[in-house]
Amino acid sequence: PNFLATSYKQLGDAQFQTGDYKSAIGNYEIFMTKKRVNPKIREKAERSLANARFGAVTKESPVPFDPKNLGETVNTDQYEYFPVLTADEQTLVFTRNQRRSAATDYQEDFYVSFSEEEGNWSQAMNFGEPINTDDNEGAQTITADGSQLFFIGCNRKDGKGSCDIYRALRKGKKWGKPVNLDSPVNSSKWETQPSISADGKTLYFVSNRAGGYGGPDIWVTQLAPNNEWTVPRNLGEEINTPFAEETPFIHPDGKTLYFTSNGHVGMGEKDIYMTTKQADGSWSEPKNLGYPINTWNDEQGLFVAASGENAYFSSDRKGGFGKLDLYSFKLYEEARPSRVTYVKGRVTDKETGKSLGAEFELIDLASSEVVVRSNSDKISGNFLVTLPADHEYALNVSKDGYLFYSEHFSLSADQDFTKPYKLNVPLQPIKFGE
């Protein structure tokens, strides 16, 4: 048994990768007593031992987890992944990777499905042009109101590097042509897996560009007042490690970030973590979401709805329809973000009832801070924003040729978070003599 010391590590690795943490601990500990061992292999064994100890303890205290398959109207015998939803949880957008003609020829496109009664989803439809093309599209993120779609396009003629971030805008029911975000967001390196804040002004993404901590890191950029994106900033060593940090998701509360990592202590290949942005802009120590959300396998791509109660992810677990299916589950209390609700409104001409595109801003009355500044849709007049509950707000709406509109409203902490607070904004046309 002492002939080849690395045999103990190899056996420990095999046990760790099947969730037999206790046996793995024993073999890692024996390996650590051996003298003539490659320092790099010893360092890997130390990380694996720490993970095995964490896994053994965490497995003994499972968190509530009961995933439900979204059904055959969404899932197929192919790959469905990267689910994202609008704030009202009525529209689901996801990536489907399906085989074309040849056995190795796969095509990634976006599909959309709409919520129906009793938790069912409509038959998923191809997103269509101009979003989907003959190239691959994937890793999408959508603003809370469903008006902006960010996604990844690789090896395109207008690309800056291998994979770039693109943005498309919706007006009414039609989507505009996707546009490359260009530099400084995109670079000659690899940019992928964007996650946009609810208001469309803060973008988190993954890149292996210079200035990181090693491997893929999570970066952030913000939309400046001149409508240009700022130079991306690394989220720092509290979150990023020399290993891989991927699939960031920023909740509509604007401060709870979920992501995947194999650099923090965890249960297996890649685990899902959550962190909270502090008042000074720093991030809290990442928290592992626990077992069985995380296992000894590869977990990633979590999406948490605006309500904070429902979470969505993809998995190849038994009982599905194909290679990867979409699932939802109730997120346990300690892993939920801050409670937010969403406000739906429509701006119209008071006399004709015609829908209007207008500028609006929402102000937190306690802090006098402008929390949202945006525009209603030019065709439908609709707007949708997510806001923290238990606050009082002022809504200001302005449009050339109309009188300024202002009203106050309150979002109580005990309201039904599954239903929107509705605002109708009738603008009075300016007339001679008024």
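The values are calculated or read from the model by the stated rules, or taken from the named source; none is laboratory data. For clarity, every value in this text was computed on a predicted model and none was experimentally measured. Methodologically, a virtual Cβ is constructed for each residue, glycine included, from the backbone with ideal geometry; neighbour enumeration extends over all protein chains shown. What goes into the accessible areas is simple: the full protein's heavy atoms, side chains included, and nothing from ligands, DNA or RNA. Shrake-Rupley method; radii C 1.70, N 1.55, O 1.52, S 1.80 Å.
Worth a mention:
- Residue in region 226-249 that is among the β-branched types (Val, Ile, Thr), modelled with pLDDT of 95 or more, open to solvent by 20 Å² or more (accessible area, probe 1.4 Å) and under 23 Å from Ile293 (Cα atoms) present: no
- Under the condition of being among the polar types (S, T, N, Q), open to solvent by less than 10 Å² (accessible area, probe 1.4 Å) and closer than 14 Å to Thr386 by Cα, the residues counted in region 136-154 number 1.
- The set of residues from region 163-172 being free of Cβ contacts under 8 Å to residues at least 60 places away in the same chain and surrounded by fewer than 16 Cβ atoms within 10 Å (Cβ to Cβ) comprises just one member, Leu169.
Residues are listed down the side, and each one gets a yes or a no for (1) aromatic (Phe, Trp, Tyr); (2) under 20 Å from the mean Cα position of the chain (by Cα):
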residue: Asp158; (1), (2): no, no
residue: Val179; (1), (2): no, no
residue: Lys201; (1), (2): no, yes
residue: Trp219; (1), (2): yes, yes
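- Residues (in a loop (DSSP other than H, G, I, E, B), of a type in the set (Val, Ile, Thr) and either surrounded by 13 or more Cβ atoms within 10 Å (Cβ to Cβ) or under 35 Å from the mean Cα position of the chain (by Cα) (or both)) located in region 20-50: Val37
- Taken together, Val372, Val340, Val347 contain a single residue that is closer than 23 Å to Ala224 by Cβ and in contact with a strand residue (DSSP E or B) (Cβ under 9 Å, 6 or more places away or on another chain), which is Val372.
- Index of the failed condition, Trp283 passing every other in (1) aromatic (Phe, Trp, Tyr); (2) surrounded by 20 or more Cβ atoms within 10 Å (Cβ to Cβ); (3) closer than 29 Å to Thr241 by Cα: (2)
- When we screen Ala139, Ala144 for residues that are part of a loop (DSSP other than H, G, I, E, B) and in contact with a strand residue (DSSP E or B) (Cβ under 6 Å, 6 or more places away or on another chain), the only hit is Ala144.
- Counted residues, region 291-349 - those being of a type in the set (D, E, K, R), open to solvent by 10 Å² or more (accessible area, probe 1.4 Å) and under 25 Å from Ala139 (Cβ atoms): 7
- Among the residues here, Ser367 does not qualify as at pLDDT below 95, of a type outside the set (A, V, I, L, M) and touching a Phe, Trp or Tyr at 6+ places or on another chain (Cβ under 6 Å).
- Scanning region 344-383 for residues that are farther than 16 Å from Phe404 by Cα and of a type in the set (Asp, Glu) turns up Asp364, Glu369, Asp377.
- Residue match in region 86-100 (condition: on the phi > 0 side of the Ramachandran plot and in contact (Cβ under 8 Å) with a residue 24 or more places away in the chain): yes
- For the condition open to solvent by less than 30 Å² (accessible area, probe 1.4 Å), assigned to a strand (DSSP E or B) and either within 22 Å of Asp135 (Cα to Cα) or in contact with a Gly (Cβ under 7 Å, 6 or more places away or on another chain) (or both), Ser195 qualifies.
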